[in-house]
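A short write-up of the structure that comes next.
The values are calculated or read from the model by the stated rules, or taken from the named source; none is laboratory data. Quick caveat: nothing in here was measured; it's all calculated off a predicted structure. Virtual Cβ from ideal backbone geometry, glycine too; neighbours counted across all protein chains shown. Surface accessibility is based on the protein's heavy atoms, side chains included, excluding ligands, DNA and RNA. Shrake-Rupley method; radii C 1.70, N 1.55, O 1.52, S 1.80 Å.
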Amino acid sequence: MKLTRRNLMLGAMGSAAMLSFPGRGHAQDSFNFITPFTLSLAFAPVIYADAAGYYAEEGLAMNLQAGKGAALAAQMTIARQMDAGRTGGTNYIVSRVNNDAPLISIATIAQRSPFFVLSSKENPVKTIADLEGRTVGMATLGGSMEGTLDLMMTGAGASPDTVNKVKVADSAASFALIEAGRAGAFLGNTSSMIIASSARDDVEVMPIDDGMPGQVYVARPDEIAENPNKFISFLRATHRAAAEIVDAEDLTPILAKIGEKHDVTGLNNTETAQKDLHTNAQNWASKGKENILRNVPEVWERAVGLLADAKLIDKAVPASELYTNNLLDQALKA
């Protein structure tokens, strides 16, 4: 399947006169969305938009599913079992270029990597090269975490093949594996990092900045073409929620609203939950509030170059073929 931005624009947006923007009171469309893992505050834009009724106001009946890895989230979307899913930017680009995956990024939610390397202060990881020869726990193998690790190590002149990668739960509890000697480090997301470092004082935290779009929302171009309004409505409600969280001085009401509808990891400790949500929100707005959910062209251009240089993609492709901002632009006009 040859995906280009031009094809997407012709298919999904070419007939602008046919676009109507759903509003309050319209019949609802179902929208199925899958997160990579168990619901956590890392996924707050969609969780809060659902709990606050923003999707319902847009005429969407939201069905949120918790996945078992970023790769599976993409696969479920490809298989049309989900309308859209969240997956890693690196994972998506590699799959799209090397395997011609029938997907396109409709938004970037995490503008930089949401992952951190956690290790013990007794045997800390200070640089990515320090992972050589270690056992590293991560939530999935073959997904965005492993792709990020491989890219970072290759860029540092280290060999990913020297790392013993093991699958563990993406939670603060997995840090105990380091203490038990079963893992030399743990690759976790923002939420698991905040919870682990808040609960104990022996956690060494190393942020990851691989130069890639951290986490993206992907969908099938043919599904977008069939009902573009549904995706525009999804992005409008999600942007509303994300921007509200970013701007909030007090996150307590937002956390309370989330807890009314969804069982989310980490909500039981209000102080830690606020820190968790605030840290995630900083990532969403790290390229400027005006770029919340936007696929930033400069980031994508650099990402393609980095992956091509690391030989993780088979060829360099025009970055603009991998994403569209047209749906978001339509959403923000209304």
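For this structure, a couple of remarks:
- Helices (runs of 4 or more DSSP H) fully within the range 225-320 counting 3 or more residues that are crowded, with 16+ Cβ neighbours inside 10 Å and of a type in the set (S, T, N, Q): 228-247, 270-284
- Those residues of the range 200-216 which are of a type in the set (Val, Ile, Thr) and part of a loop (DSSP other than H, G, I, E, B), in sequence order: ILE208
- Identity of the residue in the range 136-157, open to solvent by 30 Å² or more (accessible area, probe 1.4 Å) and without any contact (Cβ under 8 Å) to a residue 60 or more places away in the chain, that ends up nearest to LEU72 (Cα to Cα): LEU141
- Selection count, the range 54-73, where residues are open to solvent by less than 10 Å² (accessible area, probe 1.4 Å) and within 26 Å of GLY155 (Cβ to Cβ): 3
- Test set (1) within 30 Å of GLN330 (Cβ to Cβ); (2) at pLDDT below 80; (3) loosely packed, with under 15 Cβ neighbours inside 10 Å - ASN99 fails condition number: (2)
- The conditions of being touching a helix residue (DSSP H, G or I) at 6+ places or on another chain (Cβ under 7 Å) and either polar (S, T, N, Q) or surrounded by fewer than 24 Cβ atoms within 10 Å (Cβ to Cβ) (or both) are not met by PRO124.
- Only residues that are at pLDDT below 95, of a type outside the set (Val, Ile, Thr) and farther than 16 Å from GLN111 by Cβ were counted across the range 291-330, and they come to 10.
- Taken over the range 191-205, the criterion of being of a type in the set (A, V, I, L, M), buried (at least 18 other Cβ atoms within 10 Å of the Cβ) and closer than 19 Å to ALA281 by Cα is satisfied by MET193, ILE194, ILE195, ALA196.
- For the range 28-52, the set of residues classified as out of contact with any helix residue (DSSP H, G or I) (no Cβ under 9 Å at 6 or more places or on another chain) and open to solvent by less than 20 Å² (accessible area, probe 1.4 Å) is empty.
- Qualifying residue in the range 159-173 (condition: open to solvent by less than 10 Å² (accessible area, probe 1.4 Å) and under 30 Å from ASP202 (Cβ atoms)): no
- Of the residues making up the range 289-334, those that are more than 20 Å from the chain's Cα centre (by Cα) and basic (Lys, Arg) are LYS311, LYS315, LYS333.
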